[in-house]
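In what follows, a single structure is set out as structure tokens and then discussed.
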Amino acid sequence: MDTLERLKKLLSEVYDGQIDTTNITEETRVVEDIGMKSIAMLYMAMAIEGEFGVSLANEDLPKMRTVGDILKLVEERSGQ
């Protein structure tokens, strides 16, 4: 499973399966398109840390505007 698919799985888990992840791409905006609120963003960050073994700081949250931004952050932190 590639990084995008793993991230889509996490999004589905954070939202208890209530969002359709089939159309999520790197360009998908987490607030405007998915409707992610700040508490969901915190849950997402914790899920990312657990799934990918990376550490995210509070300062990273505003950088996570699109799914592509999250992918880039994961890749930078994991050395991919």
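Details
- Pairs are defined by a Cβ separation below 9 Å, a sequence spacing of at least 6 or placement on different chains, a first member in region 14-31 that is farther than 19 Å from residue 69 by Cβ, and a second member that is not basic (Lys, Arg); the pairs so defined are 18/12; 20/12.
- Residue match in region 33-49 (condition: exposed (fewer than 13 other Cβ atoms within 10 Å of the Cβ), out of contact with any helix residue (DSSP H, G or I) (no Cβ under 7 Å at 6 or more places or on another chain), acidic (Asp, Glu) and over 14 Å from residue 71 (Cα atoms)): no
- One residue stands out among those in region 14-31 that are charged (D, E, K, R) and either at pLDDT 95 or above or surrounded by 14 or more Cβ atoms within 10 Å (Cβ to Cβ) (or both): the one that is nearest to residue 51 (Cα to Cα), which is 26.
The values are calculated or read from the model by the stated rules, or taken from the named source; none is laboratory data. Everything quoted here is computed from the prediction, not taken from an experiment. Every residue, glycine as well, gets a Cβ built from its backbone with ideal geometry; the counts of neighbours run over all protein chains shown.
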